[in-house]
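Below is one structure, written out as structure tokens, with a few remarks after it.
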Amino acid sequence: MGHRKHSAPRRGSMAYRPRGRKGDFFPKVNTWAKLSGGSPTLLGLPAVKVNTIHTITLDDREKTPNFGKPLFNPTSVLAVPDTVVAGLRVYTHESGGDRVLDEVYAKTLPKGVKKKTGVTPEKFAEEWKGKLAKITRLAAVVVITPRDAGLTQKQPIIFEVGVGGGDTKAQFDYTLGLLGKPLKFSEVFKAGSYVDVVGITKGKGFEGPVTRFGVKRKQHKSRKSVRAVGVIGPWHPAAVMYTIARAGQMGFHQRTETGKRILSISGKDTPITPPGGFEHFGIMRSDYALIRGTVPGSNRRIVVVRHPVKPVLRKTTPVQVLEVSTRTAVR
């Protein structure tokens, strides 16, 4: 690029390729945190994005000039209804990947979930009592009822979440003991802790390279096009590289927001609904959690809150919330 009068860095991150539409509205989590020691726990739970408000908290970052002073936070509201643990899956690692060895489901499943045939949890525990060494990973099959979160969908939503903490036997006994029981969000996550949020972003439709990748517009006297890239490649090789900014789908991709902090977890008896209800959501009728910052997706969309995969080197003390707004954020 020595002949250029001005620098011309490439446009658009190469970290997210291909930028295609997600196949459905539900995020798929492939990586779960690895918790060493401690008591066993589920590594994530599904939630529903409600809207964005603002909160005033006391800044507890000791090495900042604002320490001990009020801090304004754009805050995401997540509806976190009770989650029912419906099943347990045990995995082994072979041929470069994980393979399901066996699974068991609760005797009583939530309404709308097709009953799984198979052994009872008691017989399953007896069969695997002496074969726990074969298990490399455990996962729980969890179910949430959308109507409990204020949605109109009747069909329950089923997710698979990882199990961590303790040894394999402790995880096995812990998950078996949860089968068929409702689990609250506050039993897995605590206020003040850091989490990752996985969701599907808002769809923007078909967009050109200027909007999609941020390339510069050409001069107004350019031939035929102004909002198109100047060159899509050399004569030889006579092919268009995948690195070239091109028009295509923008938005509706799965993305992960890391390092989000839970400001508070409250029950449905603590009112938070603004006058007239949340925009594009309505009245909050379930337990909810306040997450600092924004999370991917539009209102009423399912997200997965998980324990952070990257280690967080900050304190996880509870946050002192001074004020919670009862109005949605101004856009």
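What's the total number of residues in the stretch 102-124 that are buried (at least 16 other Cβ atoms within 10 Å of the Cβ) and not in a loop (DSSP other than H, G, I, E, B)? Residues meeting the conditions: 6. Are any residues in the stretch 160-179 surrounded by fewer than 16 Cβ atoms within 10 Å (Cβ to Cβ) and farther than 13 Å from residue 45 by Cβ, and if so, which ones? Matches in the stretch 160-179: 167, 169, 170, 173, 177. Across the stretch 124-163, the number of residues qualifying as hydrophobic (A, V, I, L, M, F, W, C) and under 18 Å from residue 182 (Cα atoms) comes to 12. Kindly provide the set of residues from the stretch 291-319 that are aliphatic (A, V, I, L, M) and either closer than 12 Å to residue 49 by Cβ or in contact with a helix residue (DSSP H, G or I) (Cβ under 7 Å, 6 or more places away or on another chain) (or both), ordered by number. Listed by number, the residues that qualify are 291, 295, 302, 303, 304, 305. Restricting the stretch 238-269 to residues that are outside any strand (DSSP E or B) and aliphatic (A, V, I, L, M), which is farthest from residue 196 (Cα to Cα)? Looking at residues that are outside any strand (DSSP E or B) and aliphatic (A, V, I, L, M), I get 238. Just to be sure before I move on: is residue 48 surrounded by 17 or more Cβ atoms within 10 Å (Cβ to Cβ), within 18 Å of the chain's Cα centre (by Cα) and among the hydrophobic types (A, V, I, L, M, F, W, C) in the structure I sent? It is true that residue 48 is surrounded by 17 or more Cβ atoms within 10 Å (Cβ to Cβ), within 18 Å of the chain's Cα centre (by Cα) and among the hydrophobic types (A, V, I, L, M, F, W, C).
Residue by residue, here is whether (1) exposed (fewer than 14 other Cβ atoms within 10 Å of the Cβ); (2) out of contact with any Leu (no Cβ under 8 Å at 6 or more places or on another chain) holds:
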| position | (1), (2) |
| --- | --- |
| 285 | no, yes |
| 296 | no, yes |
| 304 | no, no |
| 310 | yes, yes |
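Checked against (1) assigned by TED's automatic domain parsing to the domain that holds residue 202; (2) assigned to a loop (DSSP other than H, G, I, E, B); (3) at pLDDT below 95, residue 235 passes all but a single condition, namely (1). Residue 262 falls short on exactly one of the conditions (1) over 30 Å from residue 60 (Cβ atoms); (2) within 28 Å of the chain's Cα centre (by Cα); (3) not polar (S, T, N, Q), and that condition is (1).
Does the stretch 267-279 contain any residue that is touching an Asp or Glu at 6+ places or on another chain (Cβ under 7 Å) and either at pLDDT below 90 or among the aromatic types (Phe, Trp, Tyr) (or both)? Scanning the stretch 267-279 turns up at least one residue that is touching an Asp or Glu at 6+ places or on another chain (Cβ under 7 Å) and either at pLDDT below 90 or among the aromatic types (Phe, Trp, Tyr) (or both).
Conditions (1) in contact (Cβ under 8 Å) with a residue 12 or more places away in the chain; (2) within 30 Å of residue 10 (Cβ to Cβ); (3) of a type outside the set (Lys, Arg), marked per residue:
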residue	(1), (2), (3)
146	yes, no, yes
152	no, no, yes
160	yes, no, yes
163	yes, no, yes
177	no, no, yes
182	yes, no, yes
186	yes, no, yes
197	yes, yes, yes
201	yes, yes, yes
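Across the stretch 166-196, the qualifying residues are those that are outside any loop (DSSP other than H, G, I, E, B) and among the acidic types (Asp, Glu), and the one among them that is farthest from residue 21 (Cα to Cα) is 173. Within the stretch 16-42, residues that are on the phi > 0 side of the Ramachandran plot have Cβ atoms under 9 Å from residues that are surrounded by 17 or more Cβ atoms within 10 Å (Cβ to Cβ) in these pairs: 37/165; 37/166; 38/164; 38/165; 38/166, counting only partners at least 6 apart in sequence or on another chain. Do we have any residue at all in the stretch 197-213 that's more than 30 Å from residue 149 (Cβ to Cβ), in a loop (DSSP other than H, G, I, E, B), out of contact with any helix residue (DSSP H, G or I) (no Cβ under 6 Å at 6 or more places or on another chain) and at pLDDT 95 or above? Scanning the stretch 197-213, I find at least one residue that is more than 30 Å from residue 149 (Cβ to Cβ), in a loop (DSSP other than H, G, I, E, B), out of contact with any helix residue (DSSP H, G or I) (no Cβ under 6 Å at 6 or more places or on another chain) and at pLDDT 95 or above, so the answer is yes.
The values are calculated or read from the model by the stated rules, or taken from the named source; none is laboratory data. No experiment lies behind these values; they were computed from the predicted model shown. Ideal geometry is used to build each Cβ from the backbone, glycine not excepted, and the neighbour counts take in all protein chains shown.
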